[in-house]
Every structure is written in C-alpha cells, then in structure tokens.
1. Quick test for you: out of A:R15, A:R39, pick the one residue that is more than 30 Å from A:I183 (Cβ to Cβ) and out of contact with any helix residue (DSSP H, G or I) (no Cβ under 8 Å at 6 or more places or on another chain).
2. With the condition kept exactly as written, say whether any residue in segment A:101-115 is surrounded by fewer than 17 Cβ atoms within 10 Å (Cβ to Cβ), part of a loop (DSSP other than H, G, I, E, B), over 32 Å from the mean Cα position of the chain (by Cα) and of a type in the set (V, I, T).
3. Let me confirm something: among A:E181, A:E162, A:E210, A:E192, which residue is charged (D, E, K, R), in a helix (DSSP H, G or I) and either within 14 Å of chain B (Cβ to nearest Cβ) or surrounded by fewer than 11 Cβ atoms within 10 Å (Cβ to Cβ) (or both)?
4. Can you name every residue in segment B:20-30 that is surrounded by fewer than 24 Cβ atoms within 10 Å (Cβ to Cβ) and within 10 Å of chain A (Cβ to nearest Cβ)?
5. Can you tell me which condition A:V98 does not meet? The list is (1) more than 11 Å from chain B (Cβ to nearest Cβ); (2) hydrophobic (A, V, I, L, M, F, W, C); (3) loosely packed, with under 14 Cβ neighbours inside 10 Å, and all the others hold.
6. Determine whether segment A:72-95 contains at least one residue that is touching a residue at least 12 places away in the same chain (Cβ under 8 Å), buried (at least 16 other Cβ atoms within 10 Å of the Cβ), within 30 Å of B:G20 (Cβ to Cβ) and within 22 Å of the chain's Cα centre (by Cα).
7. State yes or no: is A:E36 closer than 25 Å to B:D100 by Cβ, in a helix (DSSP H, G or I) and among the charged types (D, E, K, R)?
Amino acid sequence: MAKTHVNPTRMELTRLKKKLVTAVRGHKLLKDKRDELMRQFLELVRENKELREKVEAGIHAANKNFVLARAGMTDEILNVALLSPKQEVYLDVGTKNVMSVDIPVFDYKTKTPDSNDIFSYGFAFTSSDLDDSIQSLQDIFPSMLRLAECEKACQLLAAEIEKTRRRVNALEHVMIPELRENIKYIIMKLDENERSTQIRLMKIKDMMLEEAHHYSQRERA
Amino acid sequence: MYRIAVLGDRDSIYGFAALGMATYPVNSADEAAKRLKKLAEDKFAVIYVTEAVQAQIESEIDRYRTVQIPAIIPIPGVSGNTGMGMRNVKTSVEQAVGSDIIFNNENK
C-alpha cells in the first residue's frame, strides 16, 4: 500500500510515470558519475599515499640535518643566517574540473629567477650542515606542493563521492520503489473502477430490458 | 598571487623560511587557531601545519576540508612522525568508499 496519499486519477498516473522515468534516468547518470569519481579518487589517493611517504621521509631527513646544523653553531648565528630570506615563492592557483568538482592546481614561481637561489647568508660563519639541510628541503619542495594539490583534491573528491553516493542510494532505495508502488496503486484502483462501472452498466441494462419486455412475467405465463 | 605558509613550533619550521615560504611559529593551541584563521582569510593557498599543532586544532582545520582554498597539509615536525598525515588520507578514503581499501590495516 502506498505510504502517502495519492489521487487515483489518470492525470496523477501520467505525472508519476513521467517522474519515474526521470528518476530512473537520474539514477543511472548519478551511478555513472559515482563510478567515475571513484576511479579518479582511487588513482589520486594512491598518488597521495606515495607522495606523503616521500615527503615525510624527506622532511624527516631534513630535520635530522637541521639538528646537526644547530649542534654545530650558536643559536645567534643560525638566527641571523635565516633572518631575512632572499627567496620568495608565489603560487598561481588554477582549477581543474574533475567530474564537476573543481580541484586546485598550484603552479609556483620564485622571486629570483634561479629557484636554487636559497641561501640567504654568507658561507663564512655557518656550518656546511646548514647548507645541506636547506638543500634537502629544497629538493622535496616540488613534491610537497604536489602533495598539497593531491591531498586537497582527495578531500574534495571524497566529499563529492559521499554526496553522490547518498543521492544514488536515496533514488535507488526510496524514490524509485515509492514511485513504482504509487503507480501500481493507481493502476489497480483505476482497473477496479472500470470493472465496477462495467458491472453497473450490465446490471442497469438488465433492469432496463426487464422493464421494457417483462421477461419474468412472460416466463410465468 | 597566492603564497605558502608554514605553521608550527619554531624548531620544526624555521628551515622553510629559506625556501621562501612564510613561517609562523606558534606556541599554544589558541595562538595557532587564531593564526590559522588569519592565514586562511589572507592570500595563502597552501598552509603546512606540523602534526603536533594539527592535533591541537583539529576542529578548526576540519572547517577548511571542503573549501577549495586553502589546502591545509600536515607535515611531520622535528619531534618525529606521528602518522597523523596518513591517518588523514585514510579518513578521506573511508569517507568516499565506506571502508578503508587502500591501507588495509598497515598502519594502525
């Protein structure tokens, strides 16, 4: 039995049938969208995992170098050495559309033309460990940026997949069965009405004939 | 033109300044949360946050999960790797797929 009240009329039936067609079509499209999103997401998330492993290992190594560097110099010299960085990084943010999800694309530019121009100090008073550690950070910088891109994309895609999955499920398990049930209910109701009209007509015809020809009286005679 | 920021305890992040990123040393969760809010409103597209700080201001960071910019990315600090970053990736997978199919219990 239909949960909600529906008018058992032909107009309602047509309306519901149209709605069902739309729902089924929408369901198919959303399902396709979900599958494609999932494919893209899994690809990205694998890359994300690899990048993260790489970046974490890289930062770990760089931190080791930094500890060494700090051990070899006084705090003051270290502070002065890194006080005014001469390099600056700027990002150009573009967007890439993946299945109607806008994911950011980062493109970096450096202030000085040579991106390796990172040493903001003279080499006289600092230990070579500091050079090494800064260089090691610089080496993983492109990976770090790609990681940022990748991880953000994963987060955005995950949210979109969840949304799409809910929509698909709502259509599949709620909307479409309910529409089918309502349509069935209307069809049965209309059929029932038709049958009862038919019977009524037959009965009336009998009664009218009886009145015109008086069959039952004639039989008795 | 967007820039890159690094947020965390001073020892973990001062090296990034040499690469041309903007570093913001913070000492407490309150300070970190305030700073993060300011950075997110400003022109910073990527904010790297050390795992130690990230753990303290998780709820603030979650707010930026669904917006396109900024991307807030956890990085290990000088005190070592807590596996927090990987856990974040795992959360994404669980959100999307419903269960974790990439990591398969390899880092619990």
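1. Numbers: A:R15 fails: more than 30 Å from A:I183 (Cβ to Cβ).
It is A:R39.
2. Yes, there is a match, as at least one residue in segment A:101-115 is surrounded by fewer than 17 Cβ atoms within 10 Å (Cβ to Cβ), part of a loop (DSSP other than H, G, I, E, B), over 32 Å from the mean Cα position of the chain (by Cα) and of a type in the set (V, I, T).
3. Testing whether each residue is charged (D, E, K, R), in a helix (DSSP H, G or I) and either within 14 Å of chain B (Cβ to nearest Cβ) or surrounded by fewer than 11 Cβ atoms within 10 Å (Cβ to Cβ) (or both) leaves just A:E162.
4. Selection gives B:A22, B:T23.
5. Of everything listed in (1) more than 11 Å from chain B (Cβ to nearest Cβ); (2) hydrophobic (A, V, I, L, M, F, W, C); (3) loosely packed, with under 14 Cβ neighbours inside 10 Å, A:V98 misses just condition (3).
6. Yes: one or more hits.
7. Numbers: closer than 25 Å to B:D100 by Cβ: yes; in a helix (DSSP H, G or I): yes; among the charged types (D, E, K, R): yes.
Here the answer is yes, as A:E36 does meet what is asked.
Here is a yes/no grid of residues against (1) acidic (D, E); (2) within 11 Å of another protein chain (Cβ to nearest Cβ); (3) in a helix (DSSP H, G or I); (4) in contact with a Ser or Thr (Cβ under 6 Å, 6 or more places away or on another chain):
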residue: A:E50; (1), (2), (3), (4): yes, yes, yes, no
residue: A:A57; (1), (2), (3), (4): no, yes, yes, no
residue: A:A71; (1), (2), (3), (4): no, no, yes, no
residue: A:L91; (1), (2), (3), (4): no, yes, no, no
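Taken together, the values in this text are just the output of simple stated rules run on the coordinates, not laboratory data. Quantities reported herein were computed from a predicted structural model and do not represent experimental measurements. Neighbour counts are summed over all protein chains in view; Cβ atoms, including those assigned to glycine, are modelled from backbone coordinates with ideal geometry.
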